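In what follows, a structure is listed as C-alpha cells, so that the remarks can point back to it.
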C-alpha cells in the first residue's frame, strides 16, 4: 500500500482481515516479521509508538484514551508536558494547546474537563493530541462509531481540511457509506491480504461488500410498508433509575413496545440507554415509575423471573455479561436453562439432549466452527454473538431486548444478526433495539424513540425518519411532547 500527502485513504475488510494489525504496525505497537515501511522513500523500523510519533505518524483509537477528570489541555500535553524549573507549567500547556487548536481550526474549551464534553468534542481532543505531537499521518480507527449525524459531518469537514493542509488521513471503518463519502481511494483487505484498490468516486456499497466477503447481498431492511402490530407487550411510565455514583440516569422516561415490531432507541452514548436495558431485564432497580410487561405490573423482578415470563436479553458486553469464555459453546447455550428439558431430565443433566439442541442451534445460526464442544472464548466476536442470539431466541421470547448487537462485527456477521432480529419480529416478538449505530437503528426499526439525558425527546414512525432531525433530538436541541404510542391497530 502507499499513502500520499494530502489525501484521505480508507481501509476496509471483515473482522480478522488484518486492518488493525497493519495499523498497529504502522503506529509502532507491533513489529513486523518481514517487509518494509518506507517514509519519503527511506526504510523505517518502529520499535514503539514513540518511534512512530517521531516520524510524524499518530493513531486515534476507536476507544478514546482520555482521562475524564483532567482538562482538555492536560490530556493533550500528557507525556510531553511543558515544564518550568522542573515543574509542570500549566499556563504554557494551555497556551500551546490553544495555539494548536487555532492553527487547525478547532474550537475546544481547553480548560473544560473531558468528562463534561460531548463525545464529538472528545473525538476532536484525540485528534488534537496527535496533531500537537506533530503528526502528519493520522490513522482514525472507527471514528464515527459513537457520533451523531451532525458530529459525523463535523468530523468529515475536519478530515477534509487536514487533507487540504497536506496531512494524510487513513480511515478504518465498517460504515461503507461514510467511506465512500470521504475517501479518495479505498483499500480492501481479506484474510491478511490486499485484494483490491478502488477509487471512492467509482465504487459503491454493493461492490465493496462483494470485495470484502465475496457476497454482495446488503444487510436486510424492513422496508417502508406499513405493518400491523400485535398486543401491547411493554409499557413504561415515568421511570426513574439511578446510574453510577447514585446519579439519576433515567428521569421520567416513558415508552411502549408492541408485538411484531422493532423499536429503536437512538441516542449518544451515556444518556441512559444501558440503565434502561438493565431495568427492563431485571438487572437494575428503579426508584419510581412503573413497568408493565404483558399487562402485569412489575416490581423490581429478578432476571430469572423475567425470562420465565418471556423476556430475552442480549447485553452490550457479551464477554462479561452474556458468555463464560472458558466454558464450551454447549454449556453456554444451556446457561439459565440447565434444570429444564431438553437440558435436564428428572433433575439430572441430560447430556445427550443438551448436545443435540446445541448442535441444531449452531447449524441453524451458522456458527463457525459448528463445534458444540469448542470453548466459546476461542470463537470470533461475530460467532460468539450468534451463540448468544441462538440461546436467547431459542426461548421463543415475547420481548427481545438487544443492546449494541453488532458492535465491532464485520459485514457478514452484521447481516446475520440483522436477519435474526427481523425473523424474531416476523414470528410475533417485540424487539427493543438499543444501538449507537444510527444507520442500524434506521434500517431495522418500525419506530424510533430518541433519548437525551435520560428522557425521551421524540418518537418517530418509519415514514417520519430523518437523520438530521433524529440527530437534533439525540442532542436535546429539539424536543417533542412526551410520546404516546397509538393503539395496536393504528
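I'd like the full set of residues that are out of contact with any strand residue (DSSP E or B) (no Cβ under 6 Å at 6 or more places or on another chain) and either assigned to a strand (DSSP E or B) or under 16 Å from residue 138 (Cα atoms) (or both), limited to the stretch 22-39.
22, 24, 25, 26, 28, 29, 38, 39, listed by residue number.
So which of 303, 315, 342 ends up being surrounded by 13 or more Cβ atoms within 10 Å (Cβ to Cβ), without any contact (Cβ under 8 Å) to a residue 24 or more places away in the chain, touching a helix residue (DSSP H, G or I) at 6+ places or on another chain (Cβ under 6 Å) and in the same structural domain as residue 421 (by TED's automatic domain parsing)?
Values: 303 fails: touching a helix residue (DSSP H, G or I) at 6+ places or on another chain (Cβ under 6 Å); 315 fails: without any contact (Cβ under 8 Å) to a residue 24 or more places away in the chain.
After applying the criteria, what remains is 342.
Looking only at strands (runs of 3 or more DSSP E) that lie completely in the stretch 133-214, which have at least 3 residues being touching a helix residue (DSSP H, G or I) at 6+ places or on another chain (Cβ under 8 Å) and surrounded by 19 or more Cβ atoms within 10 Å (Cβ to Cβ)?
Working: elements: 137-141, 168-172, 185-190, 193-199.
The strands (runs of 3 or more DSSP E) meeting that bar are 137-141, 168-172, 185-190.
Of all the residues that make up the stretch 282-312, how many are assigned to a strand (DSSP E or B) and either touching a strand residue (DSSP E or B) at 6+ places or on another chain (Cβ under 7 Å) or more than 24 Å from residue 428 (Cα to Cα) (or both)?
If we filter the stretch 282-312 for residues that are assigned to a strand (DSSP E or B), which is where we start, we get 288-293, 296-298, 311-312.
Remaining after also requiring either touching a strand residue (DSSP E or B) at 6+ places or on another chain (Cβ under 7 Å) or more than 24 Å from residue 428 (Cα to Cα) (or both): 288-293, 297-298, 311-312.
Counting residues in the stretch 282-312 that are assigned to a strand (DSSP E or B) and either touching a strand residue (DSSP E or B) at 6+ places or on another chain (Cβ under 7 Å) or more than 24 Å from residue 428 (Cα to Cα) (or both) gives 10.
Looking at residue 68 and the list (1) surrounded by 15 or more Cβ atoms within 10 Å (Cβ to Cβ); (2) on the phi < 0 side of the Ramachandran plot; (3) at pLDDT 90 or above, which single condition is not satisfied?
Only one criterion in (1) surrounded by 15 or more Cβ atoms within 10 Å (Cβ to Cβ); (2) on the phi < 0 side of the Ramachandran plot; (3) at pLDDT 90 or above is unmet by residue 68, namely (1).
If a residue has to be in contact with a strand residue (DSSP E or B) (Cβ under 7 Å, 6 or more places away or on another chain) and under 19 Å from residue 107 (Cβ atoms) to count, how many in the stretch 123-137 make the cut? Break it down stepwise before answering.
Taking the stretch 123-137 and keeping what is in contact with a strand residue (DSSP E or B) (Cβ under 7 Å, 6 or more places away or on another chain), we get 126-127, 130, 133, 135-137.
Still in the list and also under 19 Å from residue 107 (Cβ atoms): 126-127, 130.
Residues flagged as in contact with a strand residue (DSSP E or B) (Cβ under 7 Å, 6 or more places away or on another chain) and under 19 Å from residue 107 (Cβ atoms) within the stretch 123-137 amount to 3.
Yes or no: the stretch 81-91 includes at least one residue that is in a helix (DSSP H, G or I), in contact with a helix residue (DSSP H, G or I) (Cβ under 9 Å, 6 or more places away or on another chain) and surrounded by 18 or more Cβ atoms within 10 Å (Cβ to Cβ).
no
Among the residues of the stretch 13-26, which ones are at pLDDT below 90 and in contact with a helix residue (DSSP H, G or I) (Cβ under 8 Å, 6 or more places away or on another chain)?
Within the stretch 13-26, 13, 14, 15, 17 meet the criteria.
Against the condition surrounded by fewer than 21 Cβ atoms within 10 Å (Cβ to Cβ), within 19 Å of residue 420 (Cβ to Cβ) and out of contact with any helix residue (DSSP H, G or I) (no Cβ under 8 Å at 6 or more places or on another chain), how does residue 360 come out, does it pass?
So residue 360 passes the test.
The values are calculated or read from the model by the stated rules, or taken from the named source; none is laboratory data. Quick caveat: nothing in here was measured; it's all calculated off a predicted structure. Reconstructed Cβ throughout: ideal geometry from the backbone, glycine too, with neighbour counts over all protein chains shown.
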